[in-house]
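For reference, the structure discussed in these notes is given below.
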Amino acid sequence: MKNPDAIVIGAGIVGACAALSLTNAGFKVLIIDRGTVASGTTGAGEGNILVSDKDPGPELALALRSRDLWFEMQEDVGDSFELEAKGGVVVARSDDSQLMALARSQSEHGVVTEKLDSKRLHELEPYLHPELSSGVFYPQDAQCQPMLAAARIIQSVIARGGELVMRSKVLGFTIADDSIKSVKTSTGEYSAPIVINAAGTWAGEIASLAGSHLPVAPRRGFILVTEPAPQYIFHKVYDSDYVVNVASSDADLQTSTVVEGTRSGTILIGASRERVGFDSTMNYEIVRKLASQATSLFPILRDVQLLRVYRGFRPYAPDHLPLIGEDYKVKGLWHSAGHEGAGIGLAPGSAALITDTILGRPSFMDPAAFSPKRFAEVLL
């Protein structure tokens, strides 16, 4: 493409949503990816679109708007990525006081919650372990097939005049007067006044090529996939420890039970988190632990065969908030990265914030909490 208005680096869901938002605002967009569509974190994700795991604050506000934008986007590009408002059930294994306190707080900030006693819990999930007796239902939680979503969104961008260049590694930038001028890649040099860094776990490397700093690091996770089975799981179900693990900065291995079905009949089981760099070694101890935790929630899964295991890397930021906004050193370089495991859910809202800010128009929330400038002092 000659002279695009904007270049998006990254063809995962965050980059796809950024490209679509800019396209719908009238920009001619070029998407560049070092691999193929959804070949990074998006391709190793479960498709979670959650509000249930967010504490009140800026990330929850972003999640609530993003959740609605997902369904608006479905109307825009067509329903071909298994988007479903299935709802989430969070289970308390023992003491439910912390979970109930979180739910009360969330309900004061726009989250719909329903406290579940034992009877109601087992009405929603009849195959749960009979000794589990309390939880919270979150009807706003949703799910999609993330690889299909990224592909369909990018197809829409291309149909509206955009372009995708795959297997194109970013090698550097041309910067003049502290402003971005072009992106140098293994397939050529592309000029544009606006560049969106949506490179996932590689976003920090992209920033460094521009002489800036973005503290994004990989956090490895494993997901188990079962053979197609009868419908044993009716919502996204996880135990309340999941929220604690999401917010943890511990580099060591953490696991918590997350179980959900898909339209194809397979069941997805997670979730693990550990910071081990880009080490993709298979760890069967983690697989066994996740399987054991899942069957402790749903004993019937002991009779379901495991089909495969996959792992990927979530883009982790030190304060657990994504980095969304213009770079603090290079004008015209924008970042949408560091969403960790929430990137699929938060992608549409992140795209809207960037587009609104570029156009100088009011947005649905103040983006200041996500500004990359909060890490500028690291280099000072």
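The values are calculated or read from the model by the stated rules, or taken from the named source; none is laboratory data. Predicted model, so just to flag it, every value in this text is computed and none were measured. Positions of Cβ are backbone-derived with ideal geometry, glycine not excepted, and every protein chain shown enters the neighbour counts. Heads up: the accessible areas ignore ligands, DNA and RNA and are worked out on the full protein's heavy atoms, side chains in. Shrake-Rupley method; radii C 1.70, N 1.55, O 1.52, S 1.80 Å.
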Review point. What are the pairs, 6+ residues apart or on separate chains, where a residue within segment 346-373 that is open to solvent by less than 30 Å² (accessible area, probe 1.4 Å) has its Cβ under 6 Å from a residue that is in a helix (DSSP H, G or I) and among the β-branched types (Val, Ile, Thr)?
Key: Ala347/Ile13; Ala347/Val14
Study note, to complete from the structure: So, first residue over 18 Å from Glu340 (Cβ atoms) and open to solvent by less than 40 Å² (accessible area, probe 1.4 Å) in segment 30-44, second residue at pLDDT below 95 and of a type in the set (A, V, I, L, M), Cβ within less than 7 Å, six or more apart or across chains; the pairs are Leu30/Met1
Review point. How many residues does segment 290-327 contain that are at pLDDT below 95, in a loop (DSSP other than H, G, I, E, B) and surrounded by fewer than 18 Cβ atoms within 10 Å (Cβ to Cβ)?
Key: 3
Check your understanding: Looking only at segment 1-17, which residues are open to solvent by 10 Å² or more (accessible area, probe 1.4 Å), out of contact with any Lys or Arg (no Cβ under 9 Å at 6 or more places or on another chain) and under 18 Å from Asn197 (Cβ atoms)?
Key -> Gly12, Val14
Check your understanding: All but one of (1) open to solvent by 40 Å² or more (accessible area, probe 1.4 Å); (2) of a type in the set (Val, Ile, Thr); (3) not in a loop (DSSP other than H, G, I, E, B) hold for Thr281; which doesn't?
Key -> (3)
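Name the residue, out of Ala38, Ala16, that is assigned to a helix (DSSP H, G or I) and closer than 30 Å to Ser191 by Cα.
Residue meeting the stated conditions: Ala16.
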Study note, to complete from the structure: Considering segment 153-183, residues that are farther than 20 Å from Lys28 by Cβ and touching a helix residue (DSSP H, G or I) at 6+ places or on another chain (Cβ under 9 Å), and then whichever is most open to solvent (accessible area, probe 1.4 Å), we arrive at Leu171
Exercise for review: Please verify whether segment 266-273 includes one or more residues that are under 30 Å from Ala376 (Cβ atoms), buried (at least 21 other Cβ atoms within 10 Å of the Cβ), in contact with a Gly (Cβ under 9 Å, 6 or more places away or on another chain) and modelled with pLDDT under 95.
Suggested key: yes
**Study point:** Checking Arg220 against (1) charged (D, E, K, R); (2) modelled with pLDDT of 90 or more; (3) within 30 Å of Phe173 (Cα to Cα), the condition it does not meet
**Key:** (2)
Review point. Listed residues Ser107, Ser97, Ser118; which is of a type in the set (Ser, Thr, Tyr), out of contact with any helix residue (DSSP H, G or I) (no Cβ under 9 Å at 6 or more places or on another chain), closer than 18 Å to Val237 by Cα and open to solvent by 10 Å² or more (accessible area, probe 1.4 Å)?
Key: Ser118
Practice item. Take segment 89-125 and flag every residue that is without any contact (Cβ under 8 Å) to a residue 24 or more places away in the chain, of a type outside the set (S, T, N, Q) and assigned to a loop (DSSP other than H, G, I, E, B). Key: Asp95, Asp117
Practice item. Pull up segment 70-111, narrow it to residues that are acidic (Asp, Glu) and under 21 Å from the mean Cα position of the chain (by Cα), then point me to the one that is modelled with the lowest pLDDT. Key: Asp79
**Study point:** Scope segment 202-241; condition open to solvent by 20 Å² or more (accessible area, probe 1.4 Å), among the hydroxyl-bearing types (Ser, Thr, Tyr) and over 20 Å from Ala142 (Cα atoms); matching residues
**Key:** Ser208
Practice item. With the checklist (1) at pLDDT 95 or above; (2) under 22 Å from the mean Cα position of the chain (by Cα); (3) under 30 Å from Lys236 (Cα atoms) in hand, flag the one item Leu164 doesn't pass. Key: (3)
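Any idea which of Leu20, Leu60, Leu50 is open to solvent by less than 20 Å² (accessible area, probe 1.4 Å) and without any contact (Cβ under 8 Å) to a residue 60 or more places away in the chain?
Leu60
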Point to revise | The lone exception for Glu125 - which of (1) among the charged types (D, E, K, R); (2) over 22 Å from the mean Cα position of the chain (by Cα); (3) open to solvent by 20 Å² or more (accessible area, probe 1.4 Å) it fails | key: (3)
**Study point:** Residue that is surrounded by the most Cβ atoms within 10 Å (Cβ to Cβ), among those in segment 242-265 that are assigned to a loop (DSSP other than H, G, I, E, B) and modelled with pLDDT under 75
**Key:** Leu253
